[in-house]
Amino acid sequence: MGIYNYIIRRLLYVIPILLGVCLLVFLMFNIVAGDPTAVLLGKHATAKQMAELRHELGLDKHWFMQYIDIVKSAFSLDFGRSWASRQQIIPMIKAGTCVSLTLVVPSILITNALAISMALVAAFFRGRALDRGLVLLSIIMMSISGLAYILFSQWFFAYKLGWFEIAGYEHGFPACIPYIALPCFILVLLSVGSDLRFYRTVILDEMYQDYVRTARAKGLPEGLVLFKHVLKNVMIPIITNLITQLPSWLLGTLLVESFFGIPGLGGITINAINNADFPVIKAITILSAIFYVIFNVITDILYTVVDPRIKLS
């Protein structure tokens, strides 16, 4: 199957996925969330004011028409304006995503570089003190909460030592570096432990394959077997982990962005939830589903680049 036909066929999966996501969004905000006008207008709003706002926002329409409106906005990518700020939603999300990417991309690259390197070292010295030490280190890093990392890092590195900015953000490179350095460091600490354990397991499983035993029988050094043969054959799970991390990290940084005052996608999400800003939450939810499909297609295509034996079908 040609690569273009494969991409088109996979992207067609977006249609049923979007319909399902739109249904979940509709149910979540019309059954679970209740009436947002009380949050938008405050507790002193009159019944007339609430009724007028419900009409303005289209909340007095029949439930089926409300669902159709959500579907239309999903397929047209026109989510209108934020209820809280009255800003256009797509430019607002685009700006927040660009800010989050300056934080997320270097964090993912550093995390995976460290995790893969330490996993290779652990596999090379498997069963020995260094391997056990790295496993213990990964468990300790995974056991510490993100809040503890954030509070200690802000107090020690930013407040006590003054090495980093404690909060804030400046747009543009390299002006943003002093503001994202410490948050990046925290994100690496939060993720490198779990990635190290994952990569170590994948590499050790691969080292018990027949071709590895054959390479050893031919007298190849253990380091050459590990770095030349094993590493090449574990690239597929590495690529899968690397590519699929990006969408989840963009939303997963909301705690770090909140504490450091970074105006990224996480901050937009928290503000939207606090303000019952349904259009913004709807847009972020739907766009996340679309990007997950796109990133899965990219992952499948990269599989064929890494291993030509894999065919797109």
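Any read-out appearing in this document is the output of simple, stated calculations on the displayed coordinates, not a laboratory observation. For clarity, every value in this text was computed on a predicted model and none was experimentally measured. With ideal geometry, Cβ positions are generated from the backbone for all residues, glycine too; neighbour counts draw on all protein chains shown.
Before moving on, here are some points about what is shown:
- The range 131-193 and the range 195-236: distance between their alpha carbon centers, rounded to Å: 32
- Among Gln209, Gln66, Gln154: highest mean-square fluctuation, GNM of the chain, C-alpha pairs under 10 Å: Gln209
- Rounded FRET efficiency, nearest 0.05, which uses the C-beta distance separating Leu23 from Ser258 and R0 of 25 Å: 0.25
- Against the main long axis of the alpha-carbon atoms of the chain, helix 14-27 sits at an angle near 50°.
- Gyration tensor (Cα) of the chain, equivalent ellipsoid semi-axes in angstrom: 43, 27, 15
- Remark: spin-label model distance Lys228-Ser288 equals 4.6 nm, labels positioned 7 Å along the Cα→Cβ axis.
- Counting lysine pairs in the chain whose alpha carbons fall under 23 angstrom apart, excluding pairs fewer than 8 residues apart on the same chain, gives 9.
- Extension gain, Tyr208-Ala95: 0.36 nm per intervening residue step, less the Cα-Cα distance, totals 36.0 nm.
- Dipole magnitude of the chain, debye to nearest 20 (Cβ charges: Lys/Arg +1, Asp/Glu -1, about Cα centre): 700
- Whole-number Å³ per residue for the convex hull built on Cα positions in the range 193-264: 98
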